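The values are calculated or read from the model by the stated rules, or taken from the named source; none is laboratory data. Since the model is a prediction, treat every value here as computed from it, not as a measurement. Positions of Cβ are generated from backbone atoms using ideal geometry, with glycine treated the same way; all protein chains shown enter the neighbour counts.
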Amino acid sequence: MDAIASPDTVTFDFRTLSARDRYKLMIGTVVPRPIALVTTVDPEGRINAAPFSFFNCLSADPPILALGVENHPDMSFKDTARNVRLTEVFNRQYRLACDRRGDACLRGPLRRRTG
């Protein structure tokens, strides 16, 4: 990564950085990074749950939650993005708990999707 250093600051020229390096810098700006477990249901009723670290509350009035969902490398939609586009609904309906090591575990009636 190209950095321009001065005694007081370090700046990065995002125009010269790869997408991967931009991503690494962006996720490193918030530490620790909270993880949202986002659930969606597709039009056939299949539940999808996926962890997201690119999310934030932008406003309480009106209530606005931003969720950054990337595409697959071939630019096709991942399940969460496709489900939200088709149903216009997503939620966080399952609670996360952490064990002593800090590993996340899921509590709730989640079913594994097949096919």
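Considering each of Asn56, Asn71, Asn48 in turn, give the residue that is at pLDDT 85 or above and either assigned to a helix (DSSP H, G or I) or surrounded by 12 or more Cβ atoms within 10 Å (Cβ to Cβ) (or both). Walk me through it before giving the result.
Details: Asn56 fails: at pLDDT 85 or above; Asn71 fails: either assigned to a helix (DSSP H, G or I) or surrounded by 12 or more Cβ atoms within 10 Å (Cβ to Cβ) (or both).
Selected residue: Asn48, the only one of Asn56, Asn71, Asn48 that is at pLDDT 85 or above and either assigned to a helix (DSSP H, G or I) or surrounded by 12 or more Cβ atoms within 10 Å (Cβ to Cβ) (or both).
Looking only at the stretch 16-35, filter to residues that are of a type in the set (A, V, I, L, M) and modelled with pLDDT under 90; which one of those is nearest to the chain's Cα centre (by Cα)? Full working, then the answer.
To start, the set of residues in the stretch 16-35 that are of a type in the set (A, V, I, L, M) comprises 17, 19, 25-27, 30-31, 35.
Narrowing further to those that are modelled with pLDDT under 90: 19, 25-27, 30-31, 35.
On the way: Ala19: 16, Leu25: 15, Met26: 12, Ile27: 10, Val30: 13, Val31: 15, Ile35: 7 Å.
Restricting to residues being of a type in the set (A, V, I, L, M) and modelled with pLDDT under 90, the top hit is Ile35.
Of all the residues that make up the stretch 1-15, how many are surrounded by 10 or more Cβ atoms within 10 Å (Cβ to Cβ) and modelled with pLDDT of 80 or more?
Number satisfying all stated conditions: 4.
List the number of the failed condition for Asp99; all other conditions in (1) modelled with pLDDT of 85 or more; (2) touching a Cys at 6+ places or on another chain (Cβ under 7 Å); (3) not aliphatic (A, V, I, L, M) hold.
The number of the failed condition is (1).
When residues of the stretch 11-24 are filtered for being among the aliphatic types (A, V, I, L, M) and in contact with a helix residue (DSSP H, G or I) (Cβ under 8 Å, 6 or more places away or on another chain), how many remain?
Filtering the stretch 11-24 for residues among the aliphatic types (A, V, I, L, M) gives 17, 19.
Checking which are in contact with a helix residue (DSSP H, G or I) (Cβ under 8 Å, 6 or more places away or on another chain) leaves us with 17.
Residues in the stretch 11-24 being among the aliphatic types (A, V, I, L, M) and in contact with a helix residue (DSSP H, G or I) (Cβ under 8 Å, 6 or more places away or on another chain): 1 in total.
What's the number of the only condition in (1) assigned to a helix (DSSP H, G or I); (2) modelled with pLDDT under 85; (3) charged (D, E, K, R) that Arg85 fails to meet?
(2)
Show the residue pairs that are 6+ apart or on different chains and have beta-carbon atoms under 8 Å apart, the first residue being within the stretch 30-51 and charged (D, E, K, R), the second being in a strand (DSSP E or B) and at pLDDT 80 or above.
If the second residue must be in a strand (DSSP E or B) and at pLDDT 80 or above, the pairs left are Asp42/Asn48.
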